[in-house]
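The next block holds one structure in the form of structure tokens; read it before the comments.
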Amino acid sequence: MGKPTGFLEFTRELPGKRPAAERVGDYKEFVERMPEPQLNQQAARCMNCGVPFCHNGCPLGNIIPEFNDAVYRQSWEEAYEILSATNNFPEFTGRICPAPCESACVLGINQPAVAIEEIEKHIIEIAFDKGFVKAKKPFTRTGKKIAVIGSGPAGMAAAAQLNYAGHQVTVYERDDAPGGLLRYGIPDFKLEKWVIDRRINLMEEEGIVFKCNANVGVNISINDLLRENNALVLAGGSTIPRDLHVPGRELNGVHFAMEFLKQQNKRVSDTPSDEIAIMATHKNVIVIGGGDTGSDCVGTSNRQGAASVTQFELMPKPPEKRTEIMPWPQYPMLLKTTSSHEEGANREWAVATKKFIGDDAGNLKAVEVVNLQWKIGKDGRTGGFEEIAGSEKTIPCELALLAMGFLQPQYEGMIAKLEVDTDERGNVKATEKNYQTSIQKVFTAGDMRRGQSLVVWAISEGRECAKRVDEYLMGHSILESKDQTAIIS
């Protein structure tokens, strides 16, 4: 390693942010770039630890110590080559990944972990600045045609890899622009959409065709795609949200989180919408669900000028440090305070929503909730819960956003017309070994196959699926797998 004593000399530092009071006035990204001396020090903290558990912690198998060493030596092109060998889109993961690699960092046993995610983001942005990122056009074409359905991170990764292998790839997207969850699920203050457009432009230059407003199974015939292509990749995501079946659910002002977030992303991009506007302005907002989507609703509500924002979580408040049931290097379920929480929000744990209360016109005016008592086993794990008698309360609320996760992909349309097998959770059924569905030439990847998960897992799934498709078409594959050891010269 470049500096064996770096972890003893420097502590973890992260880039600065624009002040919360300032950044809630717009939808721009607010995390600043690190000066190169500071970035050099952070890379120097990576240890020569013998067995780098960060490799295992990263779903993509990123070669982290090696790119940290290249950053320390300011060898930016080398760092970019190492990073891009395993990750097609580090500009996405460097912004929105929860960094399971950092939870597995050996230094994290008794010190703050290496700032891997920020180093990754800086590598790719510096690579773009210096002109290292160029279109990778295949030298030859195989004559095989593949349709990728869904342009989220899994579909984009599958398309990129299959194109590298020389196949002709067309990506079908039902929305008006590519990106899937990245474009219409992630707020611009976390991921500005020029970042997506920059990558899409590169992929088009490489020969990938994107067809938008193309809803397969609705206005695009699935039978035509089966007939015209040598293989199909289903990468439509997990899009059916978990609902909350309590009295008053039908009131005006109760919405799924993605309805709210997608509308705002369209406003930022000046994309017309004929839907009734969902706005938090001057309203008391309650966000039901404590995950990242709920946090995104908090940040968006603050930017829209909400009178108040409260976030409820059904589970008890998580610990701030690892416990016996969260041993290193497992990913720990710890208390997470996001940048949106820093901007202002009331957070309550172990709360269940009993009913929504409306006025005479059918508009939401309040929410009735109750506190919960969770049962904790001897092993420290949570069991069932019971309501705490007398803890019921009614909270003023004119906008309630349901951010409780997603159940499964949409069955109506493409999946129904394909009559492809689904598993017990409603996902498209395919093995992890070959990603092949019950129809021989149809493969699937991402949330549509594994269920709701992280963007980094979606990219990993897309890459692995592409390798299996390539093997199916050609009998072998030149594409990398995360199970292989990458050799960087």
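Report, largest value first, the span of the C-alpha coordinates of segment 274-431 along each principal axis, in whole Å.
50, 49, 33
Which lysines does Lys317 reach when only Cα atoms under 16 Å apart count, and residues fewer than 8 places away in its own chain are ignored?
Reachable lysines: Lys336, Lys375.
Please report, largest first and rounded to whole Å, the three semi-axes of the ellipsoid equivalent to segment 123-221, where each semi-axis is the square root of five times an eigenvalue of the C-alpha gyration tensor.
Rounded to whole Å, the semi-axes are 22, 21, 9.
What shape does segment 37-143 take by its C-alpha gyration tensor, where a ≥ b ≥ c are the square roots of the eigenvalues and a/c under 1.5 counts as rounded, a/b above b/c as prolate, and the rest as oblate?
prolate
Pull up the cross-link candidates among the aspartates and glutamates for Lys134, meaning alpha carbon to alpha carbon under 14 Å and not fewer than 8 places away within one chain.
Glu77, Glu81, Glu125, Glu204, Glu205, Glu206
By average Cβ neighbour count within 10 Å, what is the ranking of 439-449, 91-101 from highest down?
Result, highest mean Cβ count within 10 Å first: 439-449, 91-101.
Normalised by the residues of segment 42-198, what does the relative contact order come to in percent, with Cα pairs under 8 Å and at least six apart?
Computed value for segment 42-198: 19 percent relative contact order.
For Lys130, give me every one of the lysines with a C-alpha distance below 19 angstrom, ignoring sequence neighbours fewer than eight places off in its own chain.
Candidates past the 8-residue exclusion: Lys121.
May I ask what percent, to the nearest 5, of DSSP beta bridges between residues of the chain are antiparallel?
Bridges in the chain that DSSP calls antiparallel: roughly 40 percent.
Between their Cα atoms, which of Lys354/Lys429; Lys193/Lys441; Lys28/Lys283; Lys144/Lys429 are more than 28 Å away from each other?
Lys354/Lys429; Lys193/Lys441
If you average 1/r over every pair of different alpha-carbon atoms in segment 80-173 and take one over that average, what Kirkwood value in Å do you get?
Averaging 1/r across every pair of different Cα atoms and inverting gives 15.2 Å.
Gain in length, Thr382 to Asp26, computed as 0.36 nm per residue apart minus the alpha-carbon separation, to one decimal in nm?
Difference between extended and current length: 124.2 nm.
Once the Cα gyration tensor of segment 295-371 is found, what semi-axes does its equivalent ellipsoid get, as square roots of 5 times the eigenvalues, in whole Å, sorted largest first?
30, 17, 8
Looking only at Cβ-Cβ distances, which cysteines of the chain have no other cysteine closer than 4.7 Å?
Cys46, Cys49, Cys97, Cys105, Cys212, Cys297, Cys397, Cys465
If you take the beta carbon distance between Asp359 and Ser438 as r and set R0 to 51 Å, what does 1/(1 + (r/R0)^6) give as a FRET efficiency, to the nearest 0.05?
Working from the Cβ atoms, E equals 0.50.
How much net charge surrounds Glu22 when only other residues with a Cβ under 15 Å from its Cβ are counted (Lys, Arg +1; Asp, Glu -1)?
Taking every other residue near Glu22 into account, the sum is 0.
Taking 8 Å as the Cα distance limit and 6 or more residues as the minimum spacing, I'd like the relative contact order of the chain as a percentage.
Reported relative contact order: 17 percent.
Strictly greater than 29 Å: what percent of every Cα pair in the chain meets that?
Distances greater than 29 Å cover 54 percent of the Cα pairs.
Which entries in the list Lys190/Lys393; Lys211/Lys262; Lys211/Lys355; Lys321/Lys365 go over 31 Å, if you measure between the two C-alpha atoms of each?
Table pairs above 31 Å Cα-Cα are Lys190/Lys393; Lys211/Lys355; Lys321/Lys365.
Provide Lys144, Lys375 in ascending order of the number of other Cβ atoms located within 10 Å of each residue's Cβ, fewest first.
Final ranking by Cβ density, sparse to dense: Lys375, Lys144.
What list do you get for Val298, Val246, Val133, Val351 if you sort them by fewest beta carbons within 10 Å?
The order, fewest Cβ neighbours first, is Val246, Val133, Val351, Val298.
Coordinate-derived values only; no laboratory data. None of the values given here were measured: they were computed from a predicted structure. Positions of Cβ are generated from backbone atoms using ideal geometry, with glycine treated the same way; all protein chains shown enter the neighbour counts.
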